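Working notes for the structure below.
The values are calculated or read from the model by the stated rules, or taken from the named source; none is laboratory data. Bear in mind that the values here come from a model prediction, so they are computed numbers and not experimental data. Every residue, glycine as well, gets a Cβ built from its backbone with ideal geometry; the counts of neighbours run over all protein chains shown.
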Amino acid sequence: MHDDVARFDARAAAWDASPHRRKLARDITAAMEAAGLFRQPVASALDFGCGTGLLTLELAERCESVTGLDTSPGMLAELAAKIERAGLPNVGVLEADLAAGTPVPGGYDLVASAMALHHVSEPEPVLKRLLAAAAPGARFALADLDAEDGSFHDDPAGVHHNGFDRIDLADMLAGLGYTDINAADAATIVKPTKCCGDRPYGVFLMTARKPG
């Protein structure tokens, strides 16, 4: 895990320079809106694996408060600088490693994540802790890559899953106690690859609810 954190720390300053990352955050937010996640007021949201906060700041426009959680202090420093520049009193940052069992405050009404789960070696215990951190009745919005052949990442270091099969992930969530599980297309990323020229990669949004 330390090596993974160091890799993201090293990439933090240049992370937002990628236009596909910025567009992806907007596309995922649009998919969340289409799924009705903001029809009712959201008092508190958690962005798991927030990185530099591209999704976090989209959530800040739609939720009363949002916390960006990540293991990388370098990524969180970039987000904190954005928060300070924009003067956003409703956004906070939290450095925590759910995979290692770091305690996280509970009571979130919405838990979101964008392209973070495929960097988690064992998603099941992390998803279990995210469920515990949510308030009864909370909604979840998990966006990630559809299963692919490993060509999406130029550098596979720190990549533990080549995307996810939607049915397998839905079954995992159901087994942990998530309910109202649905998946929808969220975005398509077209990237040049070393092997095969420009290729499209699908990104899904999986929504769910905590009972209560």
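Things to note:
- Of all residue pairs spaced 6 or more apart or on separate chains, those with beta-carbon atoms under 8 Å, a first member in the stretch 1-25 that is surrounded by 13 or more Cβ atoms within 10 Å (Cβ to Cβ) and a second member that is acidic (D, E) and at pLDDT 75 or above are F8/D70; A12/E78; A13/E78; W15/E78; D16/E78; A25/E58.
- A single entry from R62, R21 fulfils the requirement of being modelled with pLDDT under 95 and out of contact with any Lys or Arg (no Cβ under 8 Å at 6 or more places or on another chain): R21.
- Of all positions in the stretch 138-159, none carries a residue that is under 26 Å from C63 (Cα atoms), of a type in the set (G, A, S) and assigned to a helix (DSSP H, G or I).
- Among (1) over 21 Å from N182 (Cα atoms); (2) surrounded by 13 or more Cβ atoms within 10 Å (Cβ to Cβ); (3) acidic (D, E) - the single one D109 does not satisfy: (1)
- Positions within the stretch 72-96 being at pLDDT below 95 and under 16 Å from the mean Cα position of the chain (by Cα), in sequence order: S72, M75
- Top-ranked residue of the stretch 177-196 - restricted to ones that are at pLDDT 95 or above and surrounded by fewer than 17 Cβ atoms within 10 Å (Cβ to Cβ), ranked as nearest to A99 (Cα to Cα): G177
- Test result for G163, surrounded by fewer than 20 Cβ atoms within 10 Å (Cβ to Cβ) and on the phi > 0 side of the Ramachandran plot: no
- Among (1) at pLDDT below 95; (2) surrounded by 18 or more Cβ atoms within 10 Å (Cβ to Cβ); (3) of a type in the set (S, T, Y) - the single one S151 does not satisfy: (2)
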